[in-house]
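The values are calculated or read from the model by the stated rules, or taken from the named source; none is laboratory data. Owing to the predicted nature of the structure, the values given are computational and were not obtained by experimental measurement. Counting neighbours? That spans all protein chains shown, and the Cβs are built from the backbone with ideal geometry, glycine included. Keep in mind that these areas ignore ligands, DNA and RNA; they rest on the heavy atoms of the full protein, side chains included. Shrake-Rupley method; radii C 1.70, N 1.55, O 1.52, S 1.80 Å.
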Amino acid sequence: YEEVKSYVSTNPVYETNEKTGILKDNNLIVIMCESLEWFAVNPILTPTLDDIFNNGITLTNYISKSKTNYSEMDVILGSVPSDNSFTNSWHGSNSSLLDNNLAFSLPNKLKNAGYETTKFFHDNSGSFYGREKTHKTFGFDEVITLEDMNIEDKAEGLIGHNSNYTKDSDMIKSCINQIAPTNQKFFSFLTTITSHGPYNESKKLTEYYEILDNGGLEEFKTWLANYTDFVYPEDDEEYETYLRNYLATIMDLDRGVEYLLNYLSEKNILDNTTLVIFSDHNAYYQDLSYKMRNMEKSEYDNPQQYKVPATIFNSTLEPELISDFTNPYNLLPTILDLLGVKYNNNMYMGYSIFNNNFSDSIFVSQIGGIM
């Protein structure tokens, strides 16, 4: 241990490039989107997300085969601890890692660089995956979960897999002053839940079903056929229902992000706030993602099964499409790179997408596979 510690600290790997520091002193909002798929980002039903992904530094070959909690760790820590009780306990965590300060984590690096507030938001119970314990260790000043949110129509207690989740748009609206404080340099990390699955009808999403059932779904079907390789479940009523219900959840996320952007604009902090929006994994519930890709679930070794959206957006950035292989481990060093925060790459499993060593990126999935 001492030899490794000495090597890591005395042989730091750090490299600058033409993009280093171009977003220096920006506020940062990271949104990890539950089960977000490329077919859900479209101009018909989710115009705000579609605009962001068309105008950001967008990773078109971003591969993520993970459970939700691991995808969080990949971006907050830049790695996943081998002590699984730290990240994989459904109700609480007893890991010895809770005694560490994890100075290399994203919130701790940003606090050290002068960010005045670091907050984590999730519209689920704080005990789920033990976030109420672990995320303070990660460096977040506050962990704001469902029980802390003033939402009229929110789910009750620990959320099971019942589809009746709290709306992501309600989380954003109720917490907007905490997510984007106008008098502080801030970092906020949001993990969404509405699109978790299973994709059964939810009484909370009626307004979106009305749009879908009154022409929206038909327009989406046409867009899907003309602009993507995804396959609409034309002759499968069961999967068409799953898809309809899933799309309604992402429509709600879209409205929440629209509300967030409008708020940032009204407060004159849009230009100096960077958004990182990425998916934790594909929409595997009820095998929807496999159906839409026209692939067998048994093709688990095909990386295309796990290609999901990810982008870095700032209104001052030139749009750019990155078609090289990328994965969750790339996000933390890329964020630090763009913000001009110096870091030791020995502490992370991935490289900034602008780093010369970027081509050496590797993704080790905690649920199977090396990519």
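Condition test on Tyr115, is it among the aromatic types (Phe, Trp, Tyr), in a loop (DSSP other than H, G, I, E, B) and modelled with pLDDT of 90 or more? Against the criterion (among the aromatic types (Phe, Trp, Tyr), in a loop (DSSP other than H, G, I, E, B) and modelled with pLDDT of 90 or more), Tyr115 qualifies.
Which of the residues spanning region 296-311 are among the charged types (D, E, K, R) and either outside any loop (DSSP other than H, G, I, E, B) or touching a residue at least 12 places away in the same chain (Cβ under 8 Å) (or both)? Asp301, Lys307 - these are the residues of region 296-311 that are among the charged types (D, E, K, R) and either outside any loop (DSSP other than H, G, I, E, B) or touching a residue at least 12 places away in the same chain (Cβ under 8 Å) (or both).
Scanning region 22-59 for residues that are assigned to a strand (DSSP E or B), within 14 Å of the chain's Cα centre (by Cα) and not β-branched (Val, Ile, Thr) gives Leu28, Met32, Cys33, Leu59.
With respect to being basic (Lys, Arg) and touching a Phe, Trp or Tyr at 6+ places or on another chain (Cβ under 6 Å), Lys267 falls outside the description.
Please determine, by comparing only the residues of region 282-295 that are in a loop (DSSP other than H, G, I, E, B) and in contact with a helix residue (DSSP H, G or I) (Cβ under 7 Å, 6 or more places away or on another chain), which one is farthest from Asp337 (Cα to Cα). By that ranking, first place goes to Met295.
Cβ-Cβ contacts under 8 Å between residues 6 or more apart (or on different chains), taken from a first residue in region 98-113 that is without any contact (Cβ under 8 Å) to a residue 40 or more places away in the chain to a second residue that is charged (D, E, K, R) and crowded, with 19+ Cβ neighbours inside 10 Å, are listed as Ala103/Lys109.
So for region 73-96 (the condition being acidic (Asp, Glu), modelled with pLDDT of 85 or more and open to solvent by less than 10 Å² (accessible area, probe 1.4 Å)), does at least one residue qualify? Within region 73-96, one or more residues are acidic (Asp, Glu), modelled with pLDDT of 85 or more and open to solvent by less than 10 Å² (accessible area, probe 1.4 Å).
Residues to consider are Tyr343, Tyr284; find the one that is closer than 30 Å to Asn245 by Cβ, of a type in the set (Ser, Thr, Tyr) and surrounded by fewer than 23 Cβ atoms within 10 Å (Cβ to Cβ). Testing whether each residue is closer than 30 Å to Asn245 by Cβ, of a type in the set (Ser, Thr, Tyr) and surrounded by fewer than 23 Cβ atoms within 10 Å (Cβ to Cβ) leaves just Tyr284. Quick one: would you say Asp153 is within 18 Å of Ser125 (Cα to Cα) and assigned to a loop (DSSP other than H, G, I, E, B)? Against the criterion (within 18 Å of Ser125 (Cα to Cα) and assigned to a loop (DSSP other than H, G, I, E, B)), Asp153 qualifies.
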